[in-house]
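The values are calculated or read from the model by the stated rules, or taken from the named source; none is laboratory data. Since the model is a prediction, treat every value here as computed from it, not as a measurement. Using ideal geometry, Cβ is built from the backbone for each residue, glycine included, and neighbour counts are taken over all protein chains shown. We work out accessible area using only protein heavy atoms, side chains counted, and drop any ligands, DNA or RNA first. Shrake-Rupley method; radii C 1.70, N 1.55, O 1.52, S 1.80 Å.
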Amino acid sequence: MLFFQLQKDHTIPLYEQLYIGIKNAITNNQLAVGVRLPSKRELADFFNISQTTVELAYSQLLAEGYIISKPRVGYFVEEIDSLPYRQSDITTKEIKKTTETMEYKIDFSSAKIDEDAFPFTIWRKYAKDVLDRPFKHLLQTGERQGEHALRIEIANYLHQSRGIECEPEQIVIGSGTEQLLPMILKILDTNSQLAFENPGYSPIPRHQLGQLAIPISVDTDGIVVEQLQKTNANVVYITPSHQFPTGAVLSANRRTQLLNWAAKAPDRFIIEDDYDSEFRYIGKPIPALRGLDVNDRVIYLSTFTKSLMPSLRVAFFVLPPTLVQRYQEHFNYYSSTVPRFEQHILAKFMKDGHFAKHLNRMRKIYRKKHDKCIEVFSNHYPQITISGDAAGTNILVAFRHEKSERELQQVARQNGIHILPLSNYYLTEQHYSKRTFLLGFGNLQLHDIEPNIHQLMEIWGISKKLI
């Protein structure tokens with residue numbers, strides 16, 4: 001009945017070979033339902049193996065339901081449902097990759113940080129301390145708003161650096177703005193009319209926004225509030241301290257206009273994403289809009305992506321007191337998406353002052369890189385306009401060119417250079433005379449900035465002015 005051989009010199013154990021052989025015979029209908037299998041002794045003699053080997057194979061077949069055992073009678077083939085036939089010739093080899101990973105020689109990404117400047121030694125110490133038996137309670141599920149210890153440190157930081165007064169109970173910790181924004185929208189109203197800066201950053205993928213997004217133009221003073229006032233939007237998502245991607249700062253007059261717009265209706269709210277507020281190079285730090293709000297209309301949102309590391313995946317929002325109860329009603333089932341160990345590592349890192357020291361150090365490092373970029377363009381490429389250079393880890397470079405932004409991006413890509421055009425961040429199709437790109441410098445070495453820029457300009461055919 002069993003037309004297969006066992007290979008005693010094979011890496012697969014004999015019992016597993018026997019199990020596979022019998023299972024295949026059953027699934028291929030070579031052994032009919034109800035057929036009695038040989039006894040352990042008979043099969044052991046037939047294959048010249050031990051009865052223990054046969055017993056192990058039969059036990060596995062029993063466990064998976066391919067055979068049944070009748071006491072003092074023997075083992076019999078069990079009836080199993082047949083699997084459906086394959087309906088097409090598609091194989092897993094033909095499935096296209098959904099994501100493409102490419103190593104670039106030069107990466108002008110605005111999302112990268114300086115890897116060499118991260119305080120690995122200090123972070124490792126806190127990680128080692130937390131991953132010890134006294135913290136075994138962290139193995140259990142924590143508070144749904146995030147660890148109280150971390151929320152205390154975030155509240156202290158916001159008070160000292162951003163002028164925001166809040167209690168830990170108003171803070172909710174999550175694994176990124178992409179996860180937190182849908183939560184905020186659910187707290188407000190599922191039927192909210194949501195306005196976005198245009199161009200701007202959206203935690204919700206653009207193809208999912210559909211009619212949900214109302215684009216509002218941005219100029220040198222930030223979002224155009226007069227345009228917002230003419231729409232049906234009741235929630236607006238903005239980056240006032242350092243508008244992404246243009247780098248514009250929301251002017252004092254427009255801040256007042258925006259807060260007044262929100263105060264005119266009970267269902268109007270502002271979601272303030274305090275993007276890149278830590279790294280400002282011109283003038284004093286811009287106060288958070290939340291710190292100016294007296295009507296509880298601003299929901300403050302921030303992340304440790306740029307200030308520490310993108311892979312940490314720790315973000316948070318601060319709810320006005322009037323919305324805390326609504327959050328608790330909507331998310332009483334919720335568990336924080338950030339591992340408790342990482343939350344406590346970060347809390348200790350902040351409590352002992354290392355976060356503030358790290359930010360001060362990174363401001364100096366990024367300022368030098370920022371200044372170097374400005375210097376290179378000022379000295380060698382006067383035909384290029386620089387903007388968005390007051391803060392952050394990228395600048396905007398604009399110039400006239402016969403090729404489109406997509407074509408220029410492709411040329412750069414073919415030469416191993418990663419850089420993104422401004423058009424990537426528009427909600428609507430735009431036509432502007434100059435080609436504009438985000439040139440990030442966060443992860444570039446200071447001594448590489450000038451040759452990297454020259455290489456990019458050369459492949460784009462932009463001539464260099466000799467000093």
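Cross-link check: pairs Lys230/Lys284; Lys434/Lys465; Lys284/Lys464 evaluated at a Cα-Cα cut-off of 25 Å; pairs beyond the cut-off: Lys230/Lys284; Lys284/Lys464.
On C-alpha positions alone, give me the angle between the axis of helix 252-263 and the longest principal axis of the chain, in degrees, nearest 10. That helix lies at roughly 60 degrees to the long axis.
In the assembled protein chains, Glu167 presents an accessible area of approximately 110 Å² (probe radius 1.4 Å). Partners of Lys23 within straight-line reach, counting aspartates and glutamates whose Cα lies under 16 Å from its Cα and excluding those fewer than 8 residues away in the same chain: Glu55, Glu64, Glu78, Glu79, Asp81. Max-minus-min Cα coordinates of the range 1-87 on each principal axis give 40, 34, 21 Å, with the largest extent listed first. What the Cα atoms of the range 201-316 give is an Rg and a Dmax of 14.2, 40 Å. His344 contributes an accessible area of around 30 Å² to the protein surface, as traced by a 1.4 Å probe with all chains present. If you plug the beta carbon distance of Ser463 and Thr220 into 1/(1 + (r/R0)^6) with R0 = 41 Å, you get a FRET efficiency near 0.90. Between 0 and 90 degrees, the angle of helix 14-27 with respect to the longest Cα principal axis of the chain falls at about 90 degrees. Taking 17 Å as the straight-line reach from the Cα of Lys348, the lysines in range (excluding those fewer than 8 positions away in the same chain) are Lys125, Lys128, Lys136, Lys357. Rolling a 1.4 Å probe over the protein heavy atoms of the chain, with every protein chain left in place, gives an accessible area that is 50 percent carbon and sulfur.
If the chain linking Asn24 and Glu115 were pulled fully straight, counting 0.36 nm for each residue of separation and taking away their Cα-Cα distance, it would gain 27.5 nm.
Cross-link reach is defined here as a Cα-Cα straight distance under 19 Å, omitting same-chain residues fewer than 8 places apart; for Lys112 the lysines meeting it are Lys306, Lys364, Lys368, Lys369, Lys372. Take the Kirkwood radius over Cα pairs of the range 305-435, plug it into Stokes-Einstein at 25 °C and 0.890 mPa s, and you get 127 µm²/s for translational diffusion. Summed over the residues of the chain and divided among them, the accessible surface reaches 53 Å² per residue at a probe radius of 1.4 Å. Take the Cα of Tyr426, step 7 Å toward its Cβ, do the same at Met309, and the gap between the two points is 3.8 nm. DSSP beta bridges fully contained in the chain are about 60 percent antiparallel. Contact order for the range 235-301, expressed relative to its length and based on alpha carbon pairs under 8 Å spaced 6+ residues apart, stands at 39 percent. Surface listing: Thr52, Thr27 arranged by accessible area from highest to lowest gives Thr52, Thr27, probe 1.4 Å.
Just checking my list [x] 30.9, 99; [y] 21.8, 69; [z] 31.0, 114 against Rg and Dmax of the Cα atoms in Å computed from this structure; which label fits? Given [x] 30.9, 99; [y] 21.8, 69; [z] 31.0, 114, the calculated one carries the label [x].
For Asp293, the accessible area of its heavy atoms, probed at 1.4 Å with every protein chain present, is near 20 square angstrom. Per residue of the chain, the DSSP helices (runs of n ≥ 4 H) give a summed -39500 (n - 2.57) that works out to -11000 deg cm²/dmol at 222 nm. Largest accessible area first, the listed residues Ser109, Ser404 line up as Ser404, Ser109 when surface is computed with a 1.4 Å probe on the assembled protein chains. Note that the range 286-291 has calculated 3J(HN,Hα) couplings of 7, x, 5, 4, 4, x Hz, one per residue in order, obtained from phi through the Karplus relation 6.51 cos²θ - 1.76 cosθ + 1.60 (θ = phi - 60°); glycine and proline are x. Seen against the Cα atoms of the chain and their longest principal axis, helix 120-130 is set at about 50 degrees. Surface listing: Tyr201, Tyr58 arranged by accessible area from highest to lowest gives Tyr201, Tyr58, probe 1.4 Å. Note that the range 122-275, at 4 °C in a medium of 1.567 mPa s, gets a Stokes-Einstein diffusion coefficient of 73 µm²/s from its Kirkwood radius over C-alpha pairs.
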